[in-house]
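First comes the structure, then the notes that go with it.
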Amino acid sequence: MARSAMSGLVLLLLCATCRLAIGITDGLLSNGNFERGPQPSQLRGTQVMGASSIPSWRTSGFVEYIPSGRKQGDMVEVVVHNPGVTEDPACGPLIDSVAIKTLTPPRRTNKNLVKNGDFEEGPYIIPGTKWGVLIPSRMVDEHSPLPGWMVESLKAVKYIDSDHFAVPRGRRAVELLAGRESAIAQVIRTVPGKQYALSFSVGDASNTCRGSLMVEAYAGRESTKVPYESAGQGGAAKRAVLPFRATSSRTRVVFFSSFYNTRTDDMSSLCGPVIDDVAVVSVRARPPKRA
């Protein structure tokens with residue numbers, strides 16, 4: 001039964017996207033917000049009867065359609081049950097507002113060896129949503145929706161937008177949520193023995209994440225810690241630079257938060273420092289001082 005229910009989740013997701021394989025446009029999938037639901041004759045209570053009862057979707061397993069106002073406030077949601085995993089057979093994950101976005105592979109330039117260092121290319125953020133997008137660890141999903149970057153940690157990072165959060169530069173940035181368990185990394189091409197400078201901006205997301213924040217940055221064998229005192233209101237970002245000498249043709253750049261922090265408005269939601277505008281450039285070695 002558990003396997004059947006999980007199959008229902010997979011079919012529910014994939015059978016909607018297969019119709020878009022020829023021409024993909026960014027945004028919600030057809031009926032991605034589930035506002036068009038089954039006919040009354042296709043429901044047994046809230047249980048969906050029939051694989052094609054929800055317009056533009058195909059379902060398998062035990063799937064429930066919950067109209068607006070009945071549960072979960074003003075959202076229309078599909079509940080995919082997973083019998084055998086939870087004690088309550090009426091408990092399952094909720095799905096709403098399913099969207100798709102075409103991601104453009106980033107390229108390094110002669111001005112920046114880091115790909116997508118400004119984080120402008122990333123997952124689709126549904127208009128009107130105020131919570132950003134959680135990007136899971138690559139242990140959960142090896143295909144990163146943040147081009148050029150890997151989430152090298154146990155916990156997710158948050159992709160945020162300037163419409164709802166404070167972003168140091170541009171329209172997008174990344175918030176490190178869970179201390180050392182929330183890290184992003186990128187491997188860049190370098191020349192062994194050559195000197196480089198890693199620069200980046202640190203700020204807060206203006207989400208009541210108050211207190212002492214700190215970002216740790218690593219480039220090859222070098223590292224630095226950048227403290228940031230946050231009032232939780234989106235203060236001025238701090239620019240940091242880490243010089244390093246490459247020891248191989250590939251250098252790993254890593255960022256993570258030193259501490260666990262929680263938002264002061266609820267004292268439970270994880271939050272952390274925001275990083276943005278990451279760049280690596282080669283620098284000329286200074287000549288030795290004359291005696």
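The values are calculated or read from the model by the stated rules, or taken from the named source; none is laboratory data. All figures in this text were calculated on a predicted structure; none of them were measured in a lab. Every residue, glycine as well, gets a Cβ built from its backbone with ideal geometry; the counts of neighbours run over all protein chains shown.
Things worth noting here:
- Within segment 228-248, the set of residues being part of a strand (DSSP E or B) and crowded, with 16+ Cβ neighbours inside 10 Å comprises Y228, S230, K238, A240, L242, F244, R245.
- Listed by first and then second residue, the pairs linking a residue in segment 54-68 that is free of Cβ contacts under 8 Å to residues at least 24 places away in the same chain to a residue that is in a loop (DSSP other than H, G, I, E, B), with Cβ atoms under 8 Å apart and 6 or more places separating them unless they lie on different chains, are I66/T46; I66/Q72; I66/V76; S68/D74; S68/M75; S68/V76.
- T25 vs. criteria modelled with pLDDT of 65 or more and either within 27 Å of P123 (Cα to Cα) or surrounded by 13 or more Cβ atoms within 10 Å (Cβ to Cβ) (or both): yes
- Residue list for segment 187-205, filter: within 12 Å of I275 (Cβ to Cβ) and part of a strand (DSSP E or B): L198, S199, F200, S201, V202, G203
Residue-wise test of (1) touching a strand residue (DSSP E or B) at 6+ places or on another chain (Cβ under 9 Å); (2) of a type in the set (V, I, T); (3) closer than 25 Å to P105 by Cα; (4) modelled with pLDDT under 95.
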position	(1), (2), (3), (4)
A183	yes, no, yes, yes
A197	yes, no, yes, no
Q233	yes, no, no, yes
P243	yes, no, no, no
T251	yes, yes, yes, no
V254	yes, yes, yes, no
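- Condition check for T129: over 20 Å from V187 (Cα atoms), surrounded by fewer than 21 Cβ atoms within 10 Å (Cβ to Cβ) and of a type outside the set (A, V, I, L, M): yes
- Here is the figure for segment 171-195: residues that are within 18 Å of N207 (Cβ to Cβ) and not charged (D, E, K, R) total 7.
- Residue that is nearest to E64 (Cα to Cα) [pool: residues in segment 84-103 that are part of a loop (DSSP other than H, G, I, E, B) and modelled with pLDDT of 75 or more]: D96
- Of the residues making up segment 116-128, those that are within 27 Å of F200 (Cα to Cα) and either touching an Asp or Glu at 6+ places or on another chain (Cβ under 9 Å) or small (G, A, S) (or both) number 6.
- Long-range neighbours under 6 Å by Cβ, at least six apart or interchain, first residue surrounded by fewer than 16 Cβ atoms within 10 Å (Cβ to Cβ) within segment 100-118, second of a type in the set (V, I, T): T102/I24
- Among (1) free of Cβ contacts under 8 Å to residues at least 24 places away in the same chain; (2) in contact with a Leu (Cβ under 8 Å, 6 or more places away or on another chain) - the single one S182 does not satisfy: (1)
- Scanning segment 157-177 for residues that are buried (at least 20 other Cβ atoms within 10 Å of the Cβ) and more than 14 Å from D276 (Cβ to Cβ) yields a single hit, L177.
- In segment 159-179, the residues that are of a type in the set (S, T, Y) and either touching a Cys at 6+ places or on another chain (Cβ under 8 Å) or free of Cβ contacts under 8 Å to residues at least 24 places away in the same chain (or both): S162
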